[in-house]
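Okay, so here's the structure we're looking at.
Just so it is clear, none of the values below were taken in a lab; they were calculated from the coordinates. Remember, it's a predicted structure, so these values are computed and weren't measured experimentally. All Cβ positions, even for glycine, are placed from backbone atoms using ideal geometry, and neighbour counts span all protein chains on display.
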Amino acid sequence: MDLYEYQARDMFESHGVPVLQGIIADTAEEAEAAARSIGTPVVVVKAQVKTGGRGKAGGVKVAKSPEEARAAAEAILGLDIKGHTVHRVMVAAGAQIEEEYYFSVLLDRANRSYLAMCSYEGGMEIEQLAEERPEALAKVEVDPAVGITLDVARRIVAEANFPADVAERVAPVLVTLYGVFEKEDATLVEVNPLVQTADGAIVALDGKVTLDENAEFRHEGHAALEDKAAADPLEAKAKESDLNYVKLDGQVGIIGNGAGLVMSTLDVVAYAGEQFGGVKPANFLDIGGGASAEVMAAGLDVILGDDDVKSVFVNVFGGITACDAVANGIVQALAILGDAATKPLVVRLDGNNVDEGRQILADAAHPLVTVVDTMDEAAAKAAELAAA
């Protein structure tokens, strides 16, 4: 779960990371009041959206009076930034910045470890820095059993070529930021920029935090951080049923068991769709190891609720959950959904008890269901039906 900047800021503050005062505003009037409350000569009005590029899109404005803060909020609220509509701004205290740095720590899945990245040159897009001047971005593997101690933090800033006097002030802040990463079960903590102010203080001026939703049970307050109003309604419905669902921009709904199989299904549908006017997959939906009638019905209910979906491809490899159980789940799911099931289903079964599963579907003879033997043939059929 990605947090908004203001949520990351509050989380940083609760763990002792130095931050500037920030107040959330939903209206221009609230932004003006926030600027008066903060009371600094300059405030920054910042769009709260879960995407980058806010500054270039006009989503960050400096204001030198409460009235200017109001005008800035009026200009920002309602903006579309990379498909995200701005409904809220944060009014933050201004600061006299002497230097800008970059720091992040993230879960490195490829190496089953943590990775810290740090640069003496912050403030710019880190991808651009990594591409144009990779030597300016230090990358240090962090042993999860050790974490970022003060000694490790000193090594990180040394590899990022921080001057010694600055390094000694930055290193303790990196330790505290790692504490946020570890204690909150985050997969990413990023600060860009981490700044040095005119009085020599090191302050996190911005923040990105991604939390591991699988660890939510350990954190009573994490559920409240989710912005349910901004969530895709289909993704929210899938989450209620513990389904792993991601909406895509296509016409063929996908249901599979196992992330690897679902990813392969997306590929073959996209390839087959080229022969039918560019039809594409409409979603990623992994029902996992269970394909009971309730799980299948929940999955179909989510996919059929997408108006863009014109056909559904159910691709299941029977393992622990045998194909006959999957077939029964499909038949019962269609019975549960009744008239809500209106779009054609292409079903491909393989693996344990595949013959029994196919026979169950044949005996049911549901008019919406077409059973196909191979994944390629099924993908082509689903694409054809979606294009019809």
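Projecting the Cα atoms of Leu261, Ile97, Ala378 onto the charge dipole of the chain (Cβ charges, centred on the Cα centre) puts Ile97 farthest toward the positive pole. When Val44, Val209, Val146 are sorted by how many other C-beta atoms sit within 10 angstrom of their C-beta, beginning with the fewest, the order is Val146, Val44, Val209. In a simple Cβ point-charge model (Lys, Arg +1; Asp, Glu -1; nothing else charged), segment 233-387 has a dipole of about 160 debye relative to its Cα centre.
DSSP beta bridges confined to the chain are antiparallel in about 70 percent of cases. One quarter of the convex hull surface built on the alpha carbon atoms of segment 233-387 amounts to 7.5 nm², the projected area averaged over directions. Ignoring lysines fewer than eight residues from Lys46 along the same chain, the ones with Cα atoms less than 19 angstrom from its Cα are Lys56, Lys61, Lys64, Lys82, Lys208.
The trypsin sites (Lys or Arg not before Pro) of segment 68-152 that meet both conditions, a loop assignment by DSSP and at most 15 other Cβ atoms within 10 Å of the site Cβ, are Lys82, Arg109, Arg112. Taken over the alpha carbons of segment 1-157 as equal point scatterers, the Debye sum produces base-10 log I(q)/I(0) values at 0.19 Å⁻¹ of -1.22.
Normalised by the number of residues in the chain, the average gap of Cα pairs under 8 Å and 6 or more apart makes the relative contact order 12 percent. When the Cα positions of Gly55, Thr85, Ala73 are compared along the charge dipole of segment 21-93, Gly55 comes out farthest toward the positive end, with charges on each C-beta of Lys, Arg, Asp and Glu. Ranked by the mean number of other Cβ atoms within 10 Å of their residues, highest first, the peptides 235-248, 19-32 come out as 19-32, 235-248. List the lysines whose Cα lies under 16 Å from the Cα of Lys381, skipping any in the same chain that are fewer than 8 positions away. Excluding near neighbours in sequence, the set is Lys280, Lys310, Lys343. Report the Stokes-Einstein translational diffusion coefficient (µm² s⁻¹, integer) for segment 97-224, Rh taken as the Kirkwood radius over Cα pairs, at 10 °C with viscosity 1.306 mPa s. This corresponds to a translational diffusion coefficient of 106 µm²/s. Basic side chains Lys and Arg get +1 at the Cβ, acidic Asp and Glu get -1 at the Cβ, and with that the dipole of segment 102-225 about its Cα centre reaches some 240 debye. The Glu13 and Asp249 beta-carbon pair, evaluated with R₀ = 56 Å, returns a calculated FRET efficiency of approximately 0.90.
Under a model in which nothing but the beta-carbon of Lys, Arg (+1) and Asp, Glu (-1) is charged, the chain shows a dipole of about 360 debye around its Cα centre. Stokes-Einstein, applied to the Kirkwood radius of segment 271-351 over Cα pairs at a viscosity of 1.567 mPa s and 4 °C, places its translational diffusion at 97 µm² s⁻¹. Between Ala340 and Thr176, the distance separating the two model label sites (each 7 Å from Cα on the Cα→Cβ line) works out to 5.0 nm. Shape analysis of segment 197-316 based on the Cα gyration tensor places the equivalent ellipsoid semi-axes at 34, 19, 13 Å, largest first. Think of it as helices only: each DSSP H run of n ≥ 4 in the chain is worth -39500 (n - 2.57), and spread over all residues that comes to -11500 deg cm²/dmol at 222 nm.
Mean separation of Cα pairs under 8 Å and 6 or more residues apart, divided by the residue count, gives segment 97-224 a relative contact order of 27 percent.
For Asp185 and Lys56, the FRET efficiency from 1/(1 + (r/R0)^6), where r spans their Cβ atoms and R0 equals 45 Å, is about 0.90. A straight chain from Asn214 to Gln359 at 0.36 nm per residue would run longer than the Cα-Cα distance by 48.4 nm.
When Rg and Dmax are taken over the Cα atoms of segment 303-346, they come to 11.6, 33 Å.
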